[in-house]
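Report on the structure given below.
All of the numbers you see were taken from the coordinates with simple rules; none came from a lab. Keep in mind that what you see is a predicted model, and the values were worked out from it rather than measured. FYI the Cβ positions are ideal-geometry reconstructions off the backbone, even for glycines, and counts take in every protein chain you see.
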């Protein structure tokens, strides 16, 4: 390809998952191009990064001290704040129950992005191209990225981290099932009179989850999922009125609230791509899956995508974008993505549904987790990493047999 630069891997999209993918692939020994404009500094959201994901980031050189301004998540609580006939009991999960000091860290996105950008800039194996791919030419032997200024880069493997409307996904001919939800998320940070104690509380309402997550000091972030029209109404309120609405919804558990500047609203959708790799393109993050913000699964699932795409590429180092490599990636991701997205979508729909059997099923599940210690422990371990709950049960069973 005369006049075309070449690399082993091109990562399209420079958000958190894209930067993590580029770092991991470069550390695995692949020449890597990261293409896409820098992540927006206007993003006011925070991300709960769970312990296994933090361990993976640490393996890339990003220790806890890289995320100054993050807060530990020590306790996670679910409260049924609906007014329906059948209501679930409050369920509380303590990291100490599974021998951990924390479930993870809640990190403001702008701080997470800044730390990742510094790590990318310091990584010799990454070539940074700060512009989006304009077009794709996908062939049997290589994938060619075409930029608006005429620059072209050929690669053996494209890792598509280019978001829910992924152009790389479309170019590869990968189908994505998409369902726009009758929900939007208001994102805001606030200070409060009472300490949060490292606790996150997810209030389940008829319109979706209302989730408070701790920040350093007596501050928290909030993701309030509700009807789009009400989200816009909340967005337009003055700070004092919004603070009163939040305090009322939280049942005053953190005392008097003061809302900080910078609130935002995001529309919600369910998106599921299948297969997650084809035609030298492997999807990661929101290019592969999008679901409502329940249970802190989004970025953590994307990081597991990265782990598996690196493992598949490393096992097929001569051609990391070959059909064999992509098929290996598809097989590795199928169970995790299907289970996580299915569970989150099912729980969200059960909140929106007035169908009595759905309410009974949700209540029964949460009641069992509250009352049965081993089940609660299993749920916590599985929430951190798929399979860890089963391995813990197996290990415990072997110990009991040994006695």
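Structural remarks
- Among 346, 366, 112, the ranking by other beta carbons within 10 Å of each residue's beta carbon, starting with the fewest, stands as 346, 366, 112.
- Using R0 = 35 Å, the C-beta based FRET efficiency linking residue 94 and residue 252 works out to 0.95.
- Cα→Cβ-extended label distance, 7 Å offset, between residue 118 and residue 314, nm: 2.6 nm
- Order of 136, 224 under a 10 Å beta carbon neighbour criterion, fewest first: 136, 224
- Gyration tensor (alpha-carbon) shape descriptor, the stretch 18-69, a/c threshold 1.5: oblate
- Whether the stretch 103-217 is rounded, prolate or oblate, judged on the alpha carbon gyration tensor where a/c under 1.5 counts as rounded: oblate
- Principal-axis analysis of the Cα atoms of the chain puts helix 323-352 at an angle of about 20° to the longest axis.
- Along each principal axis, Cα extent of the chain, largest first, Å: 67, 63, 43
- Fewest neighbouring Cβ atoms within 10 Å first, the residues 276, 290 line up as 290, 276.
- Helical mean residue ellipticity (222 nm; -39500 (n - 2.57) per DSSP H run of 4+; nearest 500) of the chain: -12000 deg cm²/dmol
- The relative contact order of the chain comes to 19 percent, based on Cα pairs under 8 Å that sit 6 or more residues apart.
- FRET efficiency estimate (nearest 0.05) - Cβ-Cβ, residue 206 to residue 134, R0 45 angstrom: 0.55
- Three-way shape call for the stretch 124-169 based on the alpha-carbon gyration tensor, with the a/c threshold at 1.5: rounded
- Nearest-0.05 FRET efficiency for residue 111 and residue 334, computed from C-beta distance (R0 30 Å): 0.35
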